[in-house]
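Shown next, in structure tokens, is the structure this report addresses.
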Amino acid sequence: MSERNDSTREWKRVLDALEVRLLEGNVNTGDRLPSERTIASRLKVRRESVREALRVLEILSLVSTRPGTRMGSAGILVATPSGGMGALMRLQVAAQGFRVSDVVGTRLLLESAVVMDLADRIDIVDFASLTELLVLMDEPKHSPPEYIALNAKFHMALAEASGNKIVTAVMAGLRHSIEAATHAGADAASDWPATVARLQKEHRDLLDFIAAGDGPSAAALIKRHISSYYDETHVLSSEP
């Protein structure tokens, strides 16, 4: 097993543990989290893994780790899970153990329907916020886990824009399975920066099709966008 896979498992375990604390209300807005050293000791992981998990929570606008706010703490909780984020965290357990092929098939059905609907109702789409998120995703400094967190946030934002609570809840419930497969793909990618560049272009083309009211093209693109990632990284071919 590679060192990268070990590291991915560690930071995911840290992220899961921190999310449980947030979800159960064990910490409130303004509370300071334990120190990185304390978290690492409790979970028996490396401090680097704690730092990566905190960075993901910061990207999701739940925790602040800005210099000057720590005072011996790993960060400050600046928001509690609500709306789509709350559903995302509560329903993720439903997807444990799902086959990747089933997850991909569900994404193809749901997300193609979502973008078709958005193209028919472009007045409900906050294109400025979605574009701002893509600009953030363009930053080359993001590690694969950080980019994947932002990617998940972008796809969740599309589902939430539809206003369909059931679709949003199902997407939320698939979160861990989607991210696990996406991380496996990142590990297998021969040229991760090139993969990110392609994904970003497809994200922008997708928004262009939606803004133009071209639902069929948007649906065809998102199907290709999802399928090609798993094909390119051979994630499905490794499934028993």
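The values are calculated or read from the model by the stated rules, or taken from the named source; none is laboratory data. Quick caveat: nothing in here was measured; it's all calculated off a predicted structure. Virtual Cβ from ideal backbone geometry, glycine too; neighbours counted across all protein chains shown. We work out accessible area using only protein heavy atoms, side chains counted, and drop any ligands, DNA or RNA first. Shrake-Rupley method; radii C 1.70, N 1.55, O 1.52, S 1.80 Å.
Condition check: modelled with pLDDT of 85 or more, of a type outside the set (Phe, Trp, Tyr) and either under 17 Å from the mean Cα position of the chain (by Cα) or surrounded by fewer than 18 Cβ atoms within 10 Å (Cβ to Cβ) (or both). Does LEU130 satisfy that? Against the criterion (modelled with pLDDT of 85 or more, of a type outside the set (Phe, Trp, Tyr) and either under 17 Å from the mean Cα position of the chain (by Cα) or surrounded by fewer than 18 Cβ atoms within 10 Å (Cβ to Cβ) (or both)), LEU130 qualifies.
Could you count how many residues in the range 95-112 are open to solvent by less than 60 Å² (accessible area, probe 1.4 Å) and either more than 16 Å from the chain's Cα centre (by Cα) or not basic (Lys, Arg) (or both)?
Going through the range 95-112, the residues open to solvent by less than 60 Å² (accessible area, probe 1.4 Å) turn out to be 95, 100-101, 103-108, 110-112.
The next check asks that each one be either more than 16 Å from the chain's Cα centre (by Cα) or not basic (Lys, Arg) (or both); those that pass are 95, 100-101, 103-106, 108, 110-112.
Selection size over the range 95-112: 11.
Residues in the range 54-75 that are modelled with pLDDT under 80, surrounded by 18 or more Cβ atoms within 10 Å (Cβ to Cβ) and not in a loop (DSSP other than H, G, I, E, B): 5 in all. State all residues of the range 1-41 that are farther than 20 Å from ALA172 by Cβ, among the small types (Gly, Ala, Ser) and modelled with pLDDT under 80; if no residue qualifies, say none. SER2, SER7, GLY30, listed by residue number. Here is a check on your reading of the model: is ARG47 open to solvent by 40 Å² or more (accessible area, probe 1.4 Å) and modelled with pLDDT of 80 or more? Considered against the rule, which asks whether it is open to solvent by 40 Å² or more (accessible area, probe 1.4 Å) and modelled with pLDDT of 80 or more, ARG47 comes out as yes.
Selection of helices (runs of 4 or more DSSP H) fully inside the range 134-194 by the criterion of at least 3 residues being modelled with pLDDT of 85 or more and open to solvent by 20 Å² or more (accessible area, probe 1.4 Å) returns 144-161. Of the residues examined, ALA119 is not one that is open to solvent by 20 Å² or more (accessible area, probe 1.4 Å), within 22 Å of ALA212 (Cβ to Cβ) and either among the hydrophobic types (A, V, I, L, M, F, W, C) or assigned to a helix (DSSP H, G or I) (or both).
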